[in-house]
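**Q** Take a look at this one; I'll ask things after.
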Amino acid sequence: MDTNWLILKIIDFGGFSLTLGQLLMFFLVIILTFVISRLVRRAIKRLSHKTNSLTSAHIYTMSRFLHYTILVVGFLLSLSVIGIDVSKLTIMAGALGIGIGLGLQNIVNNFVSGLVILLEKSLKVGDFIEVQSGLVGEVIEINMRATLIRTNDNIDILIPNAELIGGMVTNWTLADNVRRFRIDFSVAYGSDKDLIKRAVLEAAKQVDYTLNMEGREPSVWMTGFGDSALNFTLGVWVMPSQVKRPTALTSDYLWAIDDAFRKYQIEIPFPQRDLHFRSSKISIKDIE
């Protein structure tokens, strides 16, 4: 079999030559690098399922670091295949530095920020977060450039990793998936406050996912005097499965509170205004 075409020179410039065979080997090493990375990550997942010793967050972090490490090693090997001495990459490092100065700094910043997120474990896949802009959603992936957030409306949003590091992020499920929600409601002036508290606590117990253990019982607080109502807040601890659906949760409690008010005939307030009419007498002489 004639293999002379493999030694066909594609580039021959300044003492550096590249043959067709070397170019094919370069791409082959790159492809094998991605294949090996995928196989290693799958092996880690299978091993974790058998041992149950690692959490999903640990698996994801380990997989990402191994993926990046394998890519770097594979890239260096591919450079060796085409005849580039990887121990003498001063020129390439200088070119990379110029590239970063010209516009790659954002990419590098996001990549480093992604590594910090993975190392700190301040954000993990599966966490439910709220960013400074008000966006609320679940962390689906932490990639090299951006983190994928999926909202409860099933909208996928990519947030640059640098924004997550530099901005304020509220992680609702960082250390504990159990969380307390505050449900605001109002009643008319003159209502029996003790009856209101009993009715609302009864309503809270009607919601299946309400926690009622020691130290995490539902509570009712009076929070102020409104223009035409007494303002209250129901504080409830809920099961982890409900933390990621705050809108539906608020609706469930308000629904139950409204049913309880109807049962105990507690009046829900509406705006009221007192109007005073001042009468005056006008004589015919005044008109003339």
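**Q** Between R262 and I107, how high is the FRET efficiency from 1/(1 + (r/R0)^6) when r is the Cβ-Cβ distance and R₀ = 41 Å? Nearest 0.05.
**A** 0.10
**Q** A follow-up question, please. So between L211 and I157, what do we pick up on full extension, going 0.36 nm a residue minus the alpha carbon distance?
**A** Using 0.36 nm per residue and subtracting the Cα-Cα distance, I get 16.2 nm.
**Q** Kirkwood Rh and Cα-based Rg: tell me the resulting Rg over Rh for region 236-277, rounded to two decimals.
**A** 1.26
**Q** Related question: What FRET efficiency comes out for K197 versus F270 if R0 is 22 angstrom and r is the Cβ-Cβ distance? Round to the nearest 0.05.
**A** Between K197 and F270 the formula returns 0.50.
**Q** May I ask for log10 I(q)/I(0) of region 105-197 at q = 0.17, 0.24, 0.25 Å⁻¹, from a Debye sum over the Cα atoms as equal point scatterers with solvent left out?
**A** Rounded to two decimals, the profile gives -0.72, -1.25, -1.32.
**Q** Points 7 angstrom from Cα along the Cβ direction at I36 and L79: gap in nanometres?
**A** Here the answer is 1.6 nm between the modelled labels.
**Q** Count the net charge of all other residues whose Cβ sits under 13 Å from the Cβ of F181, scoring Lys and Arg as +1 and Asp and Glu as -1.
**A** Within the 13 Å Cβ shell, the charges total +4.
**Q** Under a plain spin-label model, where a point goes 7 Å from the Cα along Cα-to-Cβ, how far apart in nm are T250 and R182?
**A** Result: 1.3 nm between the two label points.
**Q** I've got another one for you. Using protein chains only and a probe of 1.4 angstrom, how many square angstrom of L39 are accessible, to the nearest 10?
**A** So the heavy atoms of L39 present about 100 Å² to solvent.
**Q** Between T223 and I140, what length in nm is gained on full extension when 0.36 nm per residue of separation is reduced by their alpha carbon distance?
**A** Gain in length upon complete extension: 26.1 nm.
**Q** Mind ordering 247-253, 143-149 by average Cβ neighbours within 10 Å, highest first?
**A** Averaged packing, sorted descending, gives the order 143-149, 247-253.
**Q** Fully extended, how many nm does the chain gain between S133 and W172 (0.36 nm per residue separation, minus their Cα-Cα distance)?
**A** 12.5 nm
The values are calculated or read from the model by the stated rules, or taken from the named source; none is laboratory data. None of these values were measured; they are calculated from a predicted model. When we count neighbours, we look across all protein chains shown, and the Cβ atoms used for this are built from the backbone with ideal geometry, even at glycine. What goes into the accessible areas is simple: the full protein's heavy atoms, side chains included, and nothing from ligands, DNA or RNA. Shrake-Rupley method; radii C 1.70, N 1.55, O 1.52, S 1.80 Å.
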